[in-house]
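Below you will find the structure I want to go over with you.
Laboratory data are not the source of any read-out in this text; all were calculated from the coordinates shown. This structure is a prediction, so every number in the text was calculated from the model and none was measured. No Cβ is skipped: glycine too gets one built from the backbone with ideal geometry, and neighbour counts run over all protein chains shown.
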Amino acid sequence: MVLEKALENQVTEKLFCSCPSLTELCLTVFIRPEDPPANFIIQSITLNTLTFVVLFASLRGMSYHHRAVIMAPNLQQIRIVDNMLIEYKVHEMQSIQQATLDVKHWESNTVDPQRARNLVEGVAKTTRLILSSGVLLQALKRACKRQSLIRFDNLTYLDVKVRRSGWKGLYTILTAPYNLRTCILTKGDWFDINDHELGWLETENVPPCLSERVTKIKMKAFTDGKCDVRLVEYFLWHSKVLDKFRYNCHGSVQGARLQTLYRKILNFQI
């Protein structure tokens, strides 16, 4: 279902009244700057799969005017794609198994950190979490300066694509899931990681999931850069029960560079 015209506040309520037994919904909303504030209420006891895509016609559109409330106790899979991060209120996610959150923004520093926190904590009961944006991680870092994220006790699988703005927030999300077993990290852009963004590697507070639970780590699209290698060493050193580690290099790392990187990893003292 695609909504491209002027938005009505009760458009989703009308949809569920017309289809009370709906189990799967893919909703794409195209918002223009002149559209009135929208309040999407997705409330259903039968819905088990939801894809919610929010696209703004102008990257400088006012996302603060729009809100989505999701109440679906039997929802098992949710995917949210949003290029401005509207306000989300997510409730009653007792059955959630997989959550994919892909938030893009033209200027990551302006993302409301509390909105990012509310969205991520709304799916805290999921067993699989996929974060496709460094923007969300950066906002989480700012949101958790005074108070950590709530515990993600059911989370066993974490797949994170980290872009330039998100490396500081990677530590924040790693501290939430105590029972994490599988961690997949993808470097999502061409920018080199710098030491400032990885200051948390020097702290003594290692995420408990690394030292006690994580058995599989996969790092994708990384290079032989200094900080990329520091990340490898950090995960190998602190993952005490690790039984499988895979490092997939970016295509630019070839020949002698690849051989040198291979020797570095083999020589780590762990």
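For 167, 200, what ranking results if the residue with the fewest other Cβ atoms within 10 Å of its Cβ goes first?
Neighbour counts put them in this order, fewest first: 200, 167.
Can you tell me how the chain classifies by the Cα gyration tensor, rounded, prolate or oblate, using a/c under 1.5 as the rounded cut?
Taking the square roots of the gyration eigenvalues as a ≥ b ≥ c, the chain is prolate.
Pull up all non-local amide H partners of residue 51: gap of 5 or more, or a different chain, and H-to-H distance under 5 Å with H placed in the peptide plane.
25, 26, 27, 79
Could I have the simple spin-label model distance between residue 267 and residue 237, label points 7 Å from Cα toward Cβ, reported in nm to one decimal?
Placing both labels 7 Å along Cα→Cβ, they lie 1.6 nm apart.
Might you report the magnitude of the Cβ-based charge dipole of region 137-215 about its Cα centre, with Lys and Arg at +1 and Asp and Glu at -1, to the nearest 20 debye?
So the dipole magnitude of region 137-215 works out to roughly 360 debye.
Give a residue-ordered list of calculated ³J(HN,Hα) values for region 246-252 (Karplus: 6.51 cos²θ - 1.76 cosθ + 1.60, θ = phi - 60°; whole Hz; x for Gly, Pro).
Ordered by residue, 3J(HN,Hα) equals 10, 10, 9, 6, 5, x, 6 Hz.
Only four residue types carry charge here, +1 at the Cβ of Lys and Arg and -1 at the Cβ of Asp and Glu. Report the dipole size of the chain about the Cα centre in Debye, rounded to the nearest 20.
It comes to approximately 700 debye.
Go ahead and run the numbers for FRET between residue 21 and residue 153, Cβ-Cβ distance against an R0 of 41 Å, rounding to 0.05.
Working from the Cβ atoms, E equals 0.85.
Here's something else I'd like to know. Most exposed first by the Cβ proxy, i.e. fewest other Cβ within 10 Å, how do 152, 16, 52, 268 rank?
The order, fewest Cβ neighbours first, is 268, 16, 52, 152.
Let me ask another. What residues qualify as long-range amide H neighbours of residue 41, i.e. H under 5 Å apart, gap of 5 or more or another chain, H built at 1.01 Å from N?
So residue 41 has HN proximity to 12, 13, 69.
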